[in-house]
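What follows is a single structure, written as structure tokens, with notes after it.
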Amino acid sequence: MVNQADKLRLPLEALHRAHDAAAFPFECTDELSPLTEFVGQGRALRALQFGLNMDKAGYNIFVTGLTGTGKATAILDYIRREVEERRKTGELKRPDDWCYVYNFEDPDRPRAISMAPGGGRRLREHLDELLASVRGNLTRAFSSEEYEHQKRAVFEKGQQEAQPLMEEAQKKAQEAGFWLRFAPTGVNLVPMLEGRPMEPGEFAALSVEERRRIAEREQPIAELVNEAGEKLRGIEREVAEALRLLDRRIAEAIMKGSFDRIMAAYQDDGTVLRFLQQLHEYTLAGADLIREHDGSQREGVLPGLMPSVQIDPFAAFRCNVFVDNSATEGPPIIVEVNPGWTNLFGRIERRAYLGTYVSDHTMLKPGSVQRANGGYLILNLVDVMTKPGAWDGLKRLIRTKEVRLEDPMEQYGYLTPQTLRPEPIPVDAKLVITGDPMAYFLLSAYDEEFWEMFKVKADFDYQIPRTPENALAYAGFICACCQREGLRHFDRTGVARLIDHGSRMVDDQEKLSARFGRLRDVVVEADYWARAAGSDLVTAAHVEQAVSERTYRLNLVEERIREMITRGTIIVDTEGAVVGQVNGLSVLDLGDFSFGRPSRITARTFLGQRGVASIDRESQLSGKLHDKGVLILSGYLGWKYAQDKPLSLSASISFEQGYEAVDGDSASLAELCAILSSLADAPIRQDLALTGSVNQKGEVQPIGGLNQKAEGFHDVCQAFGFSGRHGIVIPARNRSNLMLRKDVLDSVARGDFHVYAVNSVDEAIELLTGTPAGERGPDGAYPEGSINARVDARLREMGEAMRHFGRRPRDGATPDKPEENGTNEEKTP
């Protein structure tokens, strides 16, 4: 006759799903083609394709998924393939160049010019050639004898007009006793003494009366001299204007051919043509200064350029090819790994000059946004959020569809030296941001603009179905890793073992992990152990060694806890049976490694109406999920046993020696069994450990961390020594999650360790106590001697006791001694 334990015991083949290496149509991965596409990510691929092809506003893409799923690399490869296919069909075109040139109307606001791909370089070359031609021609023209002759004629004409005025003024001054002394600062009147100009000392020696008479004579002649001075200055201005017109006339004649040629080349580009016309007029106005500077001289300015603003005398001829797409074949795809403000939106460089910092349009540098204009920009959300101002800048970019070159320090109130205000550049780029699901949820909930800016979500799953096609894709992934990184290829057993490990990573026999970053680590480490063993191929043994060695590097804490259990520091019983005590299981997550460990859970029941109380909850060491699981226990007890009587119970449960926070409801089954054991006075086997959550109907629900929990108790039992009765009780709905280690499977095969699966609380308590749980009969009673009957009887006794102790005593009677008629009620007088 089959007992309850044998019915609930899982067979060996149910504890691990091993891939059949013989099913592969290859012997070694070098026979395969490398994997170049996504595996099992159809939903994410459709979202990506939709987002990339949708050219309306706001349809940027937010890619979610756990780290290690290969999102960034795979997205980059996918976009490249998609762009290449669309480029071949003519759907996509090359983006324009962008240049910054001198703004003649506002030098602090450089002008942005859009040109066809390669046009920026051509404009820069044309302007360089124009400057060289203009400077050479002007130098030759202004150094010619003809120019000197015309210039001398202008000076002579001015002197001829000025000489009579000077002579007439000198004559009248001498008649009044003064001498005219002409200086650059003006005309001075000097008193004469004995036919010669008076010395300062002689003038100082004169009496006051003599000085007064000289001043009286000076007044009328000074007015005449001032009139003559005004006429002389007018002649001087006429000479300067004549010289300027001469220079302009010669420069215009000399530069006409050079400017006509370049203007003809840009006749169809109104923006560039207007700039060249302004440059032509500007050059005519400053032709004399242009010819005064050679190629190596950088100090000096042209008219309109303040020295504190511009130190390049030929800045107007400089073209800054801000974004050069001359070498691109299609839309740019930019991945920015350090999305700080300047790396994203560009920067304004400065040069030290005369004790300060100056800049001009030639020192403007593009960022990733400008370089990705007309294409795609891929960013990581964490990187963006950790850079001040980057997220707000991206939102402003999406909202305004233009990017401005700004100094980030100004946003924080700092003074910056000589800041330029370049014209903004229109931006048409598709943003692709990668992040985790929680970040997407938080932004959706708390950033009101997020929905309008990222309307496409591409969700990469961390697991994929375990199908023959995906198993073969795993092999292709291994082949790609081996070729890309120069590793040894895997034989079919090594591939099968990695597939098993992929199922173990997601704790599911029907799934495979899609976190290819972590799988790559196993591939690389397995190659290391194959090389250490002198093997030409990586086999299952090398993959197994890579997994076990990685575990050994990380499981120091696990070994220390297991050592404390075996030494009795942490009290865990693995033999015998105890009332109200059960071995629960928990998982400790250390970030890069997690493991399971057993914990003693105890329950004590006594008279009262407090219900089930968790000591961990009262001491604030439990989380909300654990508290919910404890509250469900009261619901189950009331539904099961309090249909015909009130539930009069006080129970306390505790994780013994638990000094860290406890969360999750996976211990609720163990806690309930401990309470039932205490009520029924039925000892629980200590060679079994229990995990699972329950609902108010007594159904056992699936939990997480199953493999770590089973292996944790197995290792403790192994340390104490197997008795042949050790095992673990799990929810039956978790069967497909079992992917146990090979050493655990060996213990099960030898009969040292067992795994039981239960669907209900009754099955669990019957297995733990060895006593039938019992089902309620038609008369509403449970079979005599069953666990449920003993629990029901005990609860009835506790209810009667509570009813007895809750009555008010009569005169002369005590609560402990009722009257003979069996009543203890107070009579109404």
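The values are calculated or read from the model by the stated rules, or taken from the named source; none is laboratory data. Treat the numbers as computed from the prediction; the structure is a model and nothing was measured. Cβ atoms come from the backbone with ideal geometry, glycine included; neighbour counts cover every protein chain shown. Surface areas here come from the heavy atoms of the whole protein model, side chains and all, with no ligands, DNA or RNA. Shrake-Rupley method; radii C 1.70, N 1.55, O 1.52, S 1.80 Å.
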Taking the condition of being among the hydroxyl-bearing types (Ser, Thr, Tyr) and either more than 16 Å from ALA789 (Cα to Cα) or in contact with a His (Cβ under 8 Å, 6 or more places away or on another chain) (or both), how many residues in the stretch 619-649 meet it?
4
Criterion violated by ALA251 - all others in (1) open to solvent by 20 Å² or more (accessible area, probe 1.4 Å); (2) assigned to a helix (DSSP H, G or I) satisfied
(1)
Which residue pairs have Cβ atoms under 6 Å apart, sit 6 or more places apart or on different chains, and have a first residue in the stretch 482-494 that is open to solvent by less than 50 Å² (accessible area, probe 1.4 Å) and a second that is among the β-branched types (Val, Ile, Thr)?
HIS489/THR29; PHE490/THR29; PHE490/ILE478; PHE490/VAL538; ASP491/THR539; GLY494/VAL538; GLY494/THR539; GLY494/VAL543
So, in the stretch 225-245, of the ones that are of a type outside the set (D, E, K, R) and farther than 24 Å from LYS172 by Cβ, which residue ends up farthest from the chain's Cα centre (by Cα)?
VAL239
I need a count of the residues in the stretch 254-281 that are open to solvent by 80 Å² or more (accessible area, probe 1.4 Å), in a helix (DSSP H, G or I) and either among the polar types (S, T, N, Q) or closer than 26 Å to ASP106 by Cβ (or both).
3
Helices (runs of 4 or more DSSP H) fully within the stretch 37-149 counting 2 or more residues that are surrounded by fewer than 19 Cβ atoms within 10 Å (Cβ to Cβ), of a type outside the set (A, V, I, L, M, F, W, C) and within 31 Å of the chain's Cα centre (by Cα):
42-53, 71-88
Taking the stretch 510-523 and keeping only residues that are surrounded by fewer than 19 Cβ atoms within 10 Å (Cβ to Cβ) and closer than 9 Å to ARG466 by Cα, one is left with GLU510
Being surrounded by 24 or more Cβ atoms within 10 Å (Cβ to Cβ) and outside any loop (DSSP other than H, G, I, E, B) is the filter here, so list the residues in the stretch 657-674 that pass it.
SER668, LEU669, ALA670, GLU671, LEU672, CYS673, ALA674
Within the stretch 345-393, residues over 20 Å from ASP108 (Cα atoms), in a helix (DSSP H, G or I) and open to solvent by 40 Å² or more (accessible area, probe 1.4 Å) come out as ARG371, VAL382, ASP383, MET385, ASP392
Quickly run through the stretch 486-509 and pick out the residues that are of a type outside the set (A, V, I, L, M), under 23 Å from ASN737 (Cα atoms), part of a helix (DSSP H, G or I) and touching a helix residue (DSSP H, G or I) at 6+ places or on another chain (Cβ under 8 Å).
THR493, GLY494, ARG497, HIS501, GLY502, ARG504
Can you tell me which of (1) part of a helix (DSSP H, G or I); (2) crowded, with 18+ Cβ neighbours inside 10 Å; (3) among the β-branched types (Val, Ile, Thr); (4) modelled with pLDDT of 90 or more is the one VAL321 doesn't meet?
(1)
I'm trying to understand the selection: among the residues of the stretch 141-163, which are basic (Lys, Arg) and touching a residue at least 40 places away in the same chain (Cβ under 8 Å)?
LYS151, LYS157
Can you name the condition, by its number, that ALA228 falls short on among (1) open to solvent by 20 Å² or more (accessible area, probe 1.4 Å); (2) at pLDDT below 75?
(1)
Just for the stretch 772-783: of the residues that are in contact with a helix residue (DSSP H, G or I) (Cβ under 9 Å, 6 or more places away or on another chain) and surrounded by fewer than 19 Cβ atoms within 10 Å (Cβ to Cβ), which one is farthest from GLY727 (Cα to Cα)?
ALA781
For the stretch 762-783, which positions are free of Cβ contacts under 8 Å to residues at least 60 places away in the same chain and among the acidic types (Asp, Glu)?
GLU775, ASP779
Somewhere in the stretch 604-611, is a residue among the polar types (S, T, N, Q) and either touching a strand residue (DSSP E or B) at 6+ places or on another chain (Cβ under 6 Å) or more than 25 Å from ASN695 (Cβ to Cβ) (or both)?
yes
Subset of the stretch 751-768 (residues that are closer than 12 Å to VAL729 by Cβ and buried (at least 20 other Cβ atoms within 10 Å of the Cβ))
HIS754, VAL755, TYR756, ALA757, VAL758, VAL761, GLU763, ALA764, ILE765, GLU766, LEU767, LEU768
